[in-house]
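Asks: Got a structure here, written out as structure tokens. Questions coming.
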Amino acid sequence: MKKVIKNGTIVTAADTYQADLLIVDGKISTIGRDLSDEDVEVVDAKGCYVFPGGVDPHTHLEMPFGGTVSKDDFETGTIAAAYGGTTTVIDFCLTNKGEPLKNAIQTWHDKSKDKAVIDYSFHLMISEINDAVLKELPVVMDEEGITSFKVFMAYKNVFQADDETLFRTLVTAKELGGLVMVHAENGDVIDYLVKKALSEGKTEPIYHALTRPPEVEGEATGRAAQLTGLADSQLYVVHVSCAEAARKIAEAREKGYDVWGETCPQYLVLDQTYLEKPHFEGAKYVWSPPLREKENQEVLWNALKNGQLQTLGSDQCSFDFNGQKDLGRGDFTKIPNGGPIIEDRISLLFSEGVNKGRITLNQFVDITSTRIAKLFGLFPQKGTVSVGADADLVIFDPNAERTISAETHHMAVDYNPFEGIKVTGQPVTVLSRGEFVIRDKQFVGKPGNGQYLKREKYNPKQKEIQKLTK
Ligand code: URP
Ligand code: ZN
Ligand code: ZN
């Protein structure tokens, strides 16, 4: 059935204006004043913003990690995402050395099919570059539409790739039109610091942060950026947590390198002292990179404001406190790394960012949706409100107040790292390709309705365009 969204204020990365939206066959067909049509369902957005649905570029749903599996899967994770105003997720498909890439991708299709309630896509982890991988990658790009590759510079003996692999991935991505993503921490130095800490009997959660200091993130970020310059390639640094790393990205961009940076809500709102909570509660706040000293938060906010960091990912990788995080009691290295963020990514950026004057409303849309869709080959199908785009829309009440809590969240885990934080601004209704997923704050979607998205290749012109439009 056709729908018309009336009386709302449409907000894109560029504009804020009042207009109605007509939705036909899942797409935005007309934008204008006083729209109506026959057999049309009217959705009233009075007093609300109408944003393009959020695109979360960084999720780990049902991912084996740290001796367990992340708890939210493609069903619970995408339901929670939709509650939070996200209508597309791009999840990381893990690969194993020696295994055909297509097998790994099939594993990810098997776990997402019939489960996702919103659209989704995959990034591909690169664990090695050899003749077999080089032969398969162009096929993966063409047939699966997977156009972004992830290299881990940390997690020694688990996911970590060496510099040759990173460099060859950058060279290959340049040739094929892919975007290389890095988890930028120096895994070798961390490994040394961790062994030293354990040998000194330092086992509590805070040592997770103290053995991964900002210097190891800054060094790896700078190294990846330099190698990108050398390969004349393109790089996206995930989960930037500190001033040292943000500075390396800014420096690379000043040199003209095609380098982009993502941060996450936890680094903007929480700090290292959370890891010191008593009774092992610090384990709830174990991420890699770790939470940082509070002064880094302002640096990250300023970098978002100035365009030195461009996106916000959730890095959703959730584990229960009881039964999963507590695998690391007595040894911080056994605490599964990650947390439940997918649901609150957008509310936190709106409340802490727009409402507190740190970023503008249009920047907020760019950071949570438009820029991500552009970088990852989904724009303009996703990431904007324009005629012909998918009707992935969020009707957002900027005045709704809510206190974040595990008691009311929709993620499948037993705690929320933002417990007790008050946010102003909440999605009321969320549509995916014109169908209600959230209606009046209630889930009305259906597992399996989310479609797999094949993505376009990386557009190397976008850094220049971003400069011209600034
Ligand atoms: O601690 C984190 N970030 N867990 C998820 C995996 C990763 O490194 O992104
Ligand atoms: Zn990571
Ligand atoms: Zn991650």
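The values are calculated or read from the model by the stated rules, or taken from the named source; none is laboratory data. Bear in mind that the values here come from a model prediction, so they are computed numbers and not experimental data. Please note: Cβ atoms are built from the backbone with ideal geometry, for glycine as well, and neighbour counts cover all protein chains shown. Note: accessible area is taken over every heavy atom of the protein model, side chains too, but ligands, DNA and RNA are not part of it. Shrake-Rupley method; radii C 1.70, N 1.55, O 1.52, S 1.80 Å.
Asks: Select from region 144-161 the residues that are within 24 Å of the chain's Cα centre (by Cα), open to solvent by 40 Å² or more (accessible area, probe 1.4 Å) and without any contact (Cβ under 8 Å) to a residue 60 or more places away in the chain and write down the one among them that is farthest from ligand 1 (Cβ to nearest atom).
Replies: Checking each candidate, the answer is K156.
Asks: Would you point out which residue out of T107, T78, T59, T86 is modelled with pLDDT of 95 or more, in contact with a strand residue (DSSP E or B) (Cβ under 9 Å, 6 or more places away or on another chain) and either on the phi > 0 side of the Ramachandran plot or within 16 Å of ligand 2 (Cβ to nearest atom) (or both)? If you could, list the steps in order and put the result at the bottom.
Replies: Values: T107 fails: either on the phi > 0 side of the Ramachandran plot or within 16 Å of ligand 2 (Cβ to nearest atom) (or both); T78 fails: either on the phi > 0 side of the Ramachandran plot or within 16 Å of ligand 2 (Cβ to nearest atom) (or both); T86 fails: either on the phi > 0 side of the Ramachandran plot or within 16 Å of ligand 2 (Cβ to nearest atom) (or both).
After ruling out the rest, the residue left standing is T59.
Asks: Take the residues in region 147-164 that are farther than 20 Å from G222 by Cα and β-branched (V, I, T), then tell me which one is nearest to ligand 2 (Cβ to nearest atom).
Replies: V158
Asks: Restricting to region 349-369, name every residue that is outside any helix (DSSP H, G or I) and open to solvent by less than 20 Å² (accessible area, probe 1.4 Å).
Replies: Once the filter is applied, which keeps residues that are outside any helix (DSSP H, G or I) and open to solvent by less than 20 Å² (accessible area, probe 1.4 Å), region 349-369 yields only I359.
Asks: Kindly indicate the residue of region 305-337 that is in contact with a Lys or Arg (Cβ under 7 Å, 6 or more places away or on another chain) and closer than 16 Å to V55 by Cα and also nearest to ligand 1 (Cβ to nearest atom) among those meeting that condition.
Replies: S314
Asks: Any residue at all in region 90-100 that is touching a helix residue (DSSP H, G or I) at 6+ places or on another chain (Cβ under 9 Å), more than 16 Å from ligand 2 (Cβ to nearest atom) and in a strand (DSSP E or B)?
Replies: no
Asks: Here's another thing I want to ask about it. L124: open to solvent by less than 40 Å² (accessible area, probe 1.4 Å) and part of a helix (DSSP H, G or I), yes or no? Give the derivation first.
Replies: Details: open to solvent by less than 40 Å² (accessible area, probe 1.4 Å): yes; part of a helix (DSSP H, G or I): no.
Taking the combined requirement at face value, the residue does not satisfy it.
Asks: OK, next. What are the residues in region 237-266 that are crowded, with 23+ Cβ neighbours inside 10 Å, without any contact (Cβ under 8 Å) to a residue 60 or more places away in the chain and among the charged types (D, E, K, R), if any?
Replies: Of everything in region 237-266, just one residue is crowded, with 23+ Cβ neighbours inside 10 Å, without any contact (Cβ under 8 Å) to a residue 60 or more places away in the chain and among the charged types (D, E, K, R), namely K248.
Asks: Related question: May I ask you to verify whether V269 is surrounded by fewer than 24 Cβ atoms within 10 Å (Cβ to Cβ), among the β-branched types (V, I, T) and within 21 Å of V151 (Cα to Cα)? Break it down stepwise before answering.
Replies: Numbers: surrounded by fewer than 24 Cβ atoms within 10 Å (Cβ to Cβ): yes; among the β-branched types (V, I, T): yes; within 21 Å of V151 (Cα to Cα): no.
So V269 does not fit the description; no.
Asks: Return the only residue of G434, G388, G448 being over 19 Å from I118 (Cβ atoms) and among the small types (G, A, S).
Replies: Criteria check complete, one pass: G388.
Asks: Specify which of the listed residues (F364, F396, F379) is closer than 23 Å to I31 by Cα and touching a Cys at 6+ places or on another chain (Cβ under 9 Å).
Replies: Every option except F396 fails the conditions.
Asks: What residue, of K27, K46, is within 30 Å of the chain's Cα centre (by Cα), closer than 17 Å to R439 by Cβ and open to solvent by 30 Å² or more (accessible area, probe 1.4 Å)? Don't jump to the end; show me each part of the working.
Replies: Working: K27 fails: closer than 17 Å to R439 by Cβ.
Going through K27, K46 in turn, just one is within 30 Å of the chain's Cα centre (by Cα), closer than 17 Å to R439 by Cβ and open to solvent by 30 Å² or more (accessible area, probe 1.4 Å): K46.
Results for (1) within 16 Å of ligand 3 (Cβ to nearest atom); (2) open to solvent by 30 Å² or more (accessible area, probe 1.4 Å), shown as yes or no for each residue.
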position	(1), (2)
K195	no, yes
E217	yes, no
A225	no, no
S233	no, no
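Asks: Between a residue in region 304-316 that is farther than 27 Å from I79 by Cα and in a loop (DSSP other than H, G, I, E, B) and any residue that is more than 16 Å from ligand 1 (Cβ to nearest atom) and of a type in the set (V, I, T), which pairs come within a Cβ distance under 8 Å, given they are 6 or more apart or on different chains?
Replies: Q308/I249; L309/I249
Asks: Right, here's the next one. Quick one: which residue in I341, I346, I372 is farther than 30 Å from G32 by Cα, buried (at least 24 other Cβ atoms within 10 Å of the Cβ) and within 18 Å of the chain's Cα centre (by Cα)?
Replies: Sole residue among the options that is farther than 30 Å from G32 by Cα, buried (at least 24 other Cβ atoms within 10 Å of the Cβ) and within 18 Å of the chain's Cα centre (by Cα): I341.
Asks: Also: Residue under question is L21, and the condition is that it be assigned to a strand (DSSP E or B) and either within 16 Å of G434 (Cα to Cα) or open to solvent by 10 Å² or more (accessible area, probe 1.4 Å) (or both); does it hold? Please lay out each step first, then the result.
Replies: Numbers: assigned to a strand (DSSP E or B): yes; either within 16 Å of G434 (Cα to Cα) or open to solvent by 10 Å² or more (accessible area, probe 1.4 Å) (or both): yes.
It is true that L21 is assigned to a strand (DSSP E or B) and either within 16 Å of G434 (Cα to Cα) or open to solvent by 10 Å² or more (accessible area, probe 1.4 Å) (or both).
Asks: Hey, can you tell me all the residues within region 5-15 that are under 20 Å from G54 (Cα atoms) and open to solvent by less than 70 Å² (accessible area, probe 1.4 Å)?
Replies: Pass one, region 5-15, residues under 20 Å from G54 (Cα atoms): 5, 8-15.
Of everything in region 5-15, those that are under 20 Å from G54 (Cα atoms) and open to solvent by less than 70 Å² (accessible area, probe 1.4 Å) turn out to be I5, G8, T9, I10, V11, T12, A13.
Asks: Show me the helices (runs of 4 or more DSSP H) found entirely inside region 176-273 where at least 2 residues are within 16 Å of ligand 1 (Cβ to nearest atom).
Replies: Here the list reads 187-199, 206-210, 214-231, 265-269.
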